[in-house]
1. Give me the compactness ratio for segment 1-60, meaning the Cα radius of gyration over 2.2 N^0.38 Å.
2. Mind grabbing the base-10 log of I(q)/I(0) for segment 23-96 at q = 0.15, 0.20, 0.23, 0.24 Å⁻¹? Debye formula, identical points on the C-alpha positions, no solvent, two decimal places.
3. In whole percent, how big is the carbon plus sulfur part of the accessible area of segment 1-63, probe 1.4 Å, protein atoms only?
4. Of all GluC sites (Glu not before Pro) in segment 26-63, which ones are in loop regions per DSSP and have a Cβ with at most 14 other Cβ atoms within 10 Å?
Amino acid sequence: MNGPTTDDVRAFFGAFLNRMLEDRGQHPLRDLPDDYDLLLSGALDSLAFVEMMMSAGEHFDREIDFENLDPEQMTLIGPLCRFVSAQLTQRRSQNGPTGSLPPFG
């Protein structure tokens, strides 16, 4: 069985972002296009980005290693989701199942 898909990771990130936005009294996101930049959009600052990645690791019960991710692509939702999904799928095949996903949308 495979690990979380890119869409699963996008759903997790979307739910995380919407909680952050709602906490600040902002409207939730309805869509996360591949070119959505998490930092340039103002949705997250660098500390919140780190918090989101730590939450993803905890949620999926896997460590996410960013050593091979291009730093220029790190804050773009499409490349980030594909990278994290690949990391989690690879680690899942070595370590077992992942957690359940929150709703997004």
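The values are calculated or read from the model by the stated rules, or taken from the named source; none is laboratory data. All values derive from a computational prediction rather than experimental measurement. As a convention, Cβ positions derive from the backbone with ideal geometry for all residues, glycine included, and neighbour counts pool all protein chains shown. The accessibility values were calculated without ligands, DNA or RNA, using every heavy atom of the protein model including side chains. Shrake-Rupley method; radii C 1.70, N 1.55, O 1.52, S 1.80 Å.
1. 1.12
2. For the requested q values the scattering log ratios are -0.55, -0.93, -1.17, -1.24.
3. C and S atoms contribute 50 percent here.
4. Sites meeting the loop and neighbour criteria: GLU63.
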